[in-house]
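So the structure is just underneath, and the comments pick up after that.
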Amino acid sequence: MTAASLLPLEVDSLCYQVGPDRLLDNISITVESAGATVIMGPNGAGKSLFLRLIHGLLEPSSGQILWHRKLLNPSTRKHQALVFQKPVLMRRSVAANIDFVLKPRGGQYRQQRDHVLHQAGLFRQRSQPARLLSGGEQQRLALARALATDPDVLLLDEPCASIDPATTLQIENQLQQARQRGLKIILVTHDVGQARRLADDVVFMHHGRILEYQPASAFFESPSSAQAQAYLGGKIVI
């Protein structure tokens, strides 16, 4: 499959409510473009929640989520991969974390695993327990494992929020290469610089709503909402 087999992503009147609190409020958006869609907004805007909903980790209170004009279901989810802000790794070796997703496919999975670890810069650590890696190394492993599943859509929730600049650069390079291969990327980030480097289009959220969805060049040059203007200007947006 290719990313085109899952696009467009169509979200119609999506709401998510916990008790009396409506955390996402009547979101409708259609994402048809390839490349990297970056979701931005202040803390509490609902960015991570929206990402989990479109991946199927949560059930919406109301509304619909469709991938390639089909309701989100296990068949579409298996062609996606999600990388969290805090890496979720198996309590096994570095190599075993990659084996876990490659071995069921059969074939020369060990050769492929070594290639994946070389690309991630983790081959020398392949026998170490994954939990003993540094935070940046753990995030590189989580991304490498996600890419090893050969997804059509890669979802990332603040993958570089707590790691050093060198690791951030390495992860961004991996994402750029994946995008060039045709992978659709949907990335939540608070880092305006990272968004400028990676985004093809930008979704801006505030208080559980989407205020803007524009090509990246238009968004960064002339955001249409006062909240986005303030956010890009480094002001506190309440």
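For residues that are over 20 Å from the mean Cα position of the chain (by Cα) and hydroxyl-bearing (Ser, Thr, Tyr), scanning just the range 211-238, find the one that is surrounded by the most Cβ atoms within 10 Å (Cβ to Cβ). If we take residues in the range 211-238 being over 20 Å from the mean Cα position of the chain (by Cα) and hydroxyl-bearing (Ser, Thr, Tyr), then Tyr231 is surrounded by the most Cβ atoms within 10 Å (Cβ to Cβ). As for the range 198-210, it holds no residue that is touching a Gly at 6+ places or on another chain (Cβ under 8 Å), surrounded by fewer than 22 Cβ atoms within 10 Å (Cβ to Cβ) and part of a helix (DSSP H, G or I).
Of the residues examined, Ala161 is one that is more than 16 Å from Leu57 (Cβ to Cβ), small (Gly, Ala, Ser) and either in the same structural domain as Leu53 (by TED's automatic domain parsing) or in a helix (DSSP H, G or I) (or both).
One line per residue, one yes/no per condition, for (1) in contact (Cβ under 8 Å) with a residue 24 or more places away in the chain; (2) touching a helix residue (DSSP H, G or I) at 6+ places or on another chain (Cβ under 7 Å):
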residue: Gly182; (1), (2): yes, yes
residue: Thr189; (1), (2): yes, yes
residue: Arg196; (1), (2): yes, yes
residue: Asp201; (1), (2): yes, yes
residue: Ile210; (1), (2): yes, no
residue: Tyr213; (1), (2): yes, no
residue: Glu221; (1), (2): no, no
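The selection criterion, being farther than 24 Å from Gln176 by Cα and touching a helix residue (DSSP H, G or I) at 6+ places or on another chain (Cβ under 8 Å), holds for Val11. The set of residues from the range 76-93 being over 22 Å from the mean Cα position of the chain (by Cα) and either assigned to a helix (DSSP H, G or I) or surrounded by 15 or more Cβ atoms within 10 Å (Cβ to Cβ) (or both) comprises just one member, Ser93.
Okay, residues lined up against (1) within 30 Å of Ile27 (Cα to Cα); (2) in the same structural domain as Ser28 (by TED's automatic domain parsing); (3) hydroxyl-bearing (Ser, Thr, Tyr):
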site: Ala120; (1), (2), (3): no, no, no
site: Gln138; (1), (2), (3): no, no, no
site: Thr168; (1), (2), (3): no, yes, yes
site: Gln174; (1), (2), (3): no, yes, no
site: Gln177; (1), (2), (3): no, yes, no
site: Gly193; (1), (2), (3): yes, yes, no
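Close Cβ contacts (under 8 Å, 6 or more residues apart or on different chains) running from residues in the range 32-49 that are within 13 Å of Val192 (Cα to Cα) to residues that are surrounded by fewer than 20 Cβ atoms within 10 Å (Cβ to Cβ) and among the small types (Gly, Ala, Ser) comprise Val38/Ala216.
Taking the conditions exactly as written (loosely packed, with under 14 Cβ neighbours inside 10 Å and under 20 Å from Ile185 (Cα atoms)), does Asn73 satisfy them or not? Considered against the rule, which asks whether it is loosely packed, with under 14 Cβ neighbours inside 10 Å and under 20 Å from Ile185 (Cα atoms), Asn73 comes out as yes.
The one condition from (1) closer than 22 Å to Leu49 by Cα; (2) surrounded by 21 or more Cβ atoms within 10 Å (Cβ to Cβ); (3) not polar (S, T, N, Q) that Ala144 does not meet is (1).
The values are calculated or read from the model by the stated rules, or taken from the named source; none is laboratory data. Keep in mind that what you see is a predicted model, and the values were worked out from it rather than measured. Neighbour counts run over all protein chains shown; Cβ positions are idealised from the backbone, glycine included.
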